[in-house]
1. Per DSSP H run of n ≥ 4, the term is -39500 (n - 2.57); total these for the chain, divide by its residue number, and report the mean residue ellipticity at 222 nm rounded to 500 deg cm²/dmol.
2. Estimate the FRET efficiency between residue 103 and residue 301 by the formula 1/(1 + (r/R0)^6), using the beta-carbon distance for r and 25 Å for R0, to the nearest 0.05.
3. Please go through the residue pairs 245/339; 58/78; 284/442 and name each one whose alpha carbons sit more than 23 Å apart in this structure.
4. Using a 1.4 Å probe and ignoring any ligands, DNA or RNA, find the accessible area of residue 431 and quote it in Å² to the nearest 10.
5. Hey, if you put +1 on the Cβ of every Lys and Arg and -1 on every Asp and Glu Cβ in the chain, which of 57, 89, 77 ends up farthest toward the positive end of that dipole?
6. Identify which of the listed values of P(r) over Cα pairs in 20 Å bins from 0, in percent was calculated from the structure shown: (1) 22, 49, 26, 2; (2) 23, 52, 19, 5, 2, 0; (3) 23, 55, 21, 1.
7. So what are the ³J(HN,Hα) numbers for region 60-77, from phi and the Karplus equation (6.51, -1.76, 1.60; θ = phi - 60°), rounded to whole Hz, Gly and Pro as x?
8. Roughly how tilted is helix 301-310, in degrees to the nearest 10 and between 0 and 90, from the longest Cα axis of the chain?
Amino acid sequence: MLRRSSSVQVGVISVATVATVASFLFRAWKRHTKKERRIVKLCKPLLPYLEGVLAAFKNPYCDKSGRGMILLAVAENKLTWDVLKPRVQQALAKPLGDWTSCYGPMAGGPQLTETVAKFMSSKILKCDVSPSNIVCMTGVAAILNALFAALCDEGDEVLVPAPFYAAFIPDLGNLAGVRCIPCDLSNLEKSFTKGRTSAILLTNPHNPLGTVLSRSQLEEISDFCQRKNIHLVSDEIYALSHFRKNSSNVDDFVSLAQIRRDRKQKSDECWMNEHHHVIWGLSKDFGMSGLRFGCLYSRNSTVLEATRSLANFCCVPGVCQQLVADLLNDTEFCDTFLKINAARLRASCELVEARLHALHIPFVMPTAGMFIWFDLSQLLLSTTFSSDIDIYNALIAEQSIVLTPGSSQHGPPGTAWFRICYAYVQPDILTVALDRLTAFIKMHRG
C-alpha cells in the first residue's frame, strides 16, 4: 500500500510540474508575442501620409526653376522666422548660466518654470499660475505621451472630436497604449464606454478645422466629464495663433483654465482642479518646432508628480531652457511678434480662401491656427477617383502638391476633405501651389 501511495504521489507531482511548466511557457509566449506586437506598431509610420511628406523633403520646390514638390501637409509656421530669428540669436549670444550644463529638475528649472507660468497666466490661461503647476518637456508630443500614461491604463480609451490630428494616435498609443476613439461633440454619450473611457482630448484652437470652441461648448464638455468622472485635456498649442473673430463675434479663444476659474460653485472648481489639464508649446505659435519645447499646466498633484517622473526621459536641455526663458520674458518682443504673426497668418489664409471661393469649393472658415479644411468630394463624382487617397496620390503625381487627406484625420467617411497648411510656405510659393491646385480641379471636375 505504501508503494502504491508513493506512485500516486509521484503522479500528482508530475501533473503539477507539467502544469507549472506549461503556465510558464504560456506566459513567456504571451510576453514574446506582446513584444512583437509593440515593435511592429513602433515601426509603422507616425503619419499615414508620411511617404508624400518625405518625398517632398527630398525634392523641394525651387522658385528659380519652378520645379519640385510643394509641401502643404506639415503643421509648421514658417511665415515669421525672419522676425524671430534675430531675437533667438540675441538670446543665444548671452552668457550661459553655469546651471545649463548640470543636472537639475528634469521637468524644468525655476528659471524656466517661473517664466512659463507668468507667460501662460498672462497670454493663454488668464488665471493665476504657480510654477509648481508647470511641467516642461521636449515638445507637446512628449507631454501627451507622459500625461496619458499617467491618466490612463493600457487599453483605456480617450475620446477625440473628429476630425483630428493624425499623430494623436501614435502620441497616445505607441508607448502609453491608449486608444483614440473618434467622437462627435454633439453626442459624446454615443462614444463613451463605462470602464474604458478615461478622458476627452480637445484641440483648441482646432487642427484641422482652424476653429475655436466657445465658452458654452467648453462648459458642456466639462459638465459631461464631471458626470462621467473622467479627465478633460485641452491641447492649446495654437492658442496665440488666433487672427480674427468668428462669424458670431461672440468669443475669441477661451482657455479651459478660464472655465475652472469662472465656476461659481466651489465643488465644481475642486473637481476641475483634479480633472482639467492644459497643454501648450512653442512649435506652432512661435514657429519653433525644431526647438522641442512643450509644457503641461495641471492642478492635480498626483498627475504632476507622475509626469515629472516621466520627464526624466525627455528633459528640455539646459541651453534650451535658458533660451525659452529669455524669449518669453521679453514681453515687448512677444507682443510685437504675435501681432505680426497673426497678420501674416490671416493674409496667407485669405489667399487660399479667395481661390477656393473662385473655384466654388466648400471649406470651413478658420479663425485661428494655420489650416483650411476644404472639400473636394465633387471630384469623386467622376470615374477617375473613388476616394480621397486617389485624389491625394493624383495631386502628387500630376501637380507635385502634397496635402493632408481627410481620411487620415478621421474626416467624414466616403468624402474627400483635405487639410492645407498655408503657413508652411511663403505667400509667393503658396500662390504657385494654388495655381497648380486650380489646374487640377478644373481638369478633373470636367
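The values are calculated or read from the model by the stated rules, or taken from the named source; none is laboratory data. Just so you know, these numbers come straight off a predicted model, no measurement behind them. For neighbour counting, all protein chains shown are included, and Cβ atoms are generated from backbone atoms with ideal geometry for every residue, glycine included. Heavy atoms of the whole protein, side chains included, go into the accessibility calculation; ligands, DNA and RNA do not. Shrake-Rupley method; radii C 1.70, N 1.55, O 1.52, S 1.80 Å.
1. The helix contribution divided over the chain gives -15000 deg cm²/dmol.
2. Efficiency for this residue pair is about 0.60.
3. Over 23 Å apart, Cα to Cα: 284/442.
4. Approximately 50 Å² for this residue.
5. Result: 57.
6. Answer label, from the structure shown: (2).
7. With coefficients 6.51, -1.76 and 1.60, one gets x, 5, 10, 5, 6, 8, x, 10, x, 8, 9, 8, 10, 10, 10, 7, 9, 9 Hz.
8. On a 0 to 90 degree scale, this one is about 90.
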